[in-house]
Amino acid sequence: MPELPEVETTCRGLAARLEGRRLDAVDARVPALRFPLPDGFARRLTGRRVIHLGRRAKYLLVHLDDGQVLIGHLGMSGRMRVFAANGAVPPLARHDHVVFRTDDGAEIRFNDVRRFGFFDLTTEDALAQHPMLEPLGPEPLGNAFDAETLAAALAGKKTPIKAALLDQRVVAGLGNIYVCEALYWADISPRRSASSVPGKRAERLVPAIRRVLSEAIAAGGSSLRDFAHTDGGLGYFQASFAVYGREGEACPRCAEARHPCRVRRIVQSGRSTFLLCSAPTIG
DNA sequence: ATTGGTTCCTGCTGGC
DNA sequence: TGCCAGCAGGAACCAA
């Protein structure tokens, strides 16, 4: 999916079109995505005005004028696409599961091939205690995320640092791609045990995570198979991947060398990890 | 309390 | 060319 940079890009695209607009129609075309849609989903949204679009980790937050908050998650393959009233509106596509229409005639479609995405409805008052949001760790681009808090979250964890960074309770918003990239730039082996990272490695890791995410957001995210912007455009950060999906290629830091390090793919907890063949592997 | 394995769903790719 | 196993950006759930 969509990891933090892709959700942030989606959030910004939606904000430009949705903030201040009233939802005139909501069409839930399937009863359930990953989870059943909340009871009265369309009814509770119809007629509400959108006050603000926000993001927490990989969750989209749509704040409404009656105190409700629509929580959206894009899962692995979900995307939001906006069609302006004055533009061409193509017929509904396969996997267009939810359609929102605004008072200016625009249409917002949630398309999700694998249906791992979901929506939920809560209220402003209950938002922080929502079961999906409450356990989340700090925002990696926020002030609360630093080497000290990361070290505390990793202390005593026997799991590899790769798996620990995918745990949204440690830091919220990273996924498989950006974890691989951040560990590469921090020069930390994904196989190293999480408990051995606090200290100098954590001090390298925090800025590496921040930089990778910031640059990815600036590039409009990464478009591999599914991700596209709300206007249909593509992100281009995939062109800047150092290791993700680059098995066998030369390490960008030593590509000019006679015998450059090469990128290797391993499997950790059932998922691909990309790392340098020369990276240390001791935990 | 952690940790690892499984599962939800569809589509694409690579090997035979 | 066709078939099918394996894999894909997430994360809740379950069992150990």
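The values are calculated or read from the model by the stated rules, or taken from the named source; none is laboratory data. Because the structure is a prediction, the values reported are computed rather than measured. So basically every Cβ, Gly included, is an ideal-geometry build from the backbone, and we count neighbours across all protein chains shown.
Key figures
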| read-out | value |
| --- | --- |
| Residue that is farthest from A:Ala242 (Cα to Cα), among those in the stretch A:205-225 that are over 13 Å from the mean Cα position of the chain (by Cα) and within 16 Å of DNA strand B (Cβ to nearest atom) | A:Arg225 |
| Among (1) farther than 23 Å from A:Lys162 by Cα; (2) surrounded by 14 or more Cβ atoms within 10 Å (Cβ to Cβ), the one test that A:Glu249 misses | (1) |
| Criterion: under 25 Å from the mean Cα position of the chain (by Cα), surrounded by fewer than 16 Cβ atoms within 10 Å (Cβ to Cβ) and modelled with pLDDT of 95 or more - qualifying residue of A:Ala25, A:Ala16 | A:Ala16 |
| Residues that are surrounded by fewer than 18 Cβ atoms within 10 Å (Cβ to Cβ) and either at positive phi or out of contact with any helix residue (DSSP H, G or I) (no Cβ under 7 Å at 6 or more places or on another chain) (or both), drawn from the stretch A:147-156 | A:Glu148, A:Thr149, A:Ala152, A:Gly156 |
| So A:Leu174, is it touching a residue at least 12 places away in the same chain (Cβ under 8 Å), hydrophobic (A, V, I, L, M, F, W, C) and either closer than 20 Å to A:Arg12 by Cα or assigned to a loop (DSSP other than H, G, I, E, B) (or both) | yes |
| Tabulated pairs, the stretch A:107-128, first in contact (Cβ under 8 Å) with a residue 24 or more places away in the chain, second part of a loop (DSSP other than H, G, I, E, B) and crowded, with 21+ Cβ neighbours inside 10 Å, C-beta under 6 angstrom, 6+ apart or interchain | A:Arg115/A:Leu33; A:Gly117/A:Leu33; A:Gly117/A:Leu74; A:Phe118/A:Leu33 |
| Counted residues, the stretch A:39-53 - those being closer than 23 Å to A:Ala16 by Cα and either part of a helix (DSSP H, G or I) or among the aromatic types (Phe, Trp, Tyr) (or both) | 3 |
| Residues of the stretch A:136-161 classified as more than 10 Å from DNA strand B (Cβ to nearest atom) and either within 23 Å of A:Ser272 (Cα to Cα) or not in a helix (DSSP H, G or I) (or both), total | 12 |
| Qualifying residue in the stretch A:5-24 (condition: assigned to a strand (DSSP E or B) and in contact with an Asp or Glu (Cβ under 6 Å, 6 or more places away or on another chain)) | yes |
| Wholly enclosed strands (runs of 3 or more DSSP E) of the stretch A:59-135 bearing at least 1 residues closer than 17 Å to A:Arg44 by Cβ | A:59-64, A:68-73, A:96-102, A:107-112, A:118-123 |
| Qualifying residue in the stretch A:193-204 (condition: crowded, with 20+ Cβ neighbours inside 10 Å, farther than 17 Å from A:Ala153 by Cβ and away from DNA strand B (no atom under 15 Å from the Cβ)) | no |
| Residues of the stretch A:92-108 classified as more than 16 Å from DNA strand B (Cβ to nearest atom) and not aromatic (Phe, Trp, Tyr), total | 9 |
| Any chance A:Pro198 is outside any loop (DSSP other than H, G, I, E, B), modelled with pLDDT of 95 or more and in the same structural domain as A:Tyr236 (by TED's automatic domain parsing) | no |
| Residues satisfying the stated conditions in the stretch A:155-195, i.e. over 22 Å from the mean Cα position of the chain (by Cα) and basic (Lys, Arg) | A:Lys157, A:Lys158, A:Arg191, A:Arg192 |
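Condition check ((1) within 20 Å of A:Gly175 (Cα to Cα); (2) surrounded by 13 or more Cβ atoms within 10 Å (Cβ to Cβ)) across all residues:
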| site | (1), (2) |
| --- | --- |
| A:Ala84 | no, yes |
| A:Pro91 | no, no |
| A:Asp96 | no, yes |
| A:Asp112 | yes, yes |
| A:Phe116 | yes, yes |
| A:Phe119 | yes, yes |
| A:Leu133 | yes, yes |
| A:Phe145 | yes, yes |
| A:Lys158 | yes, no |
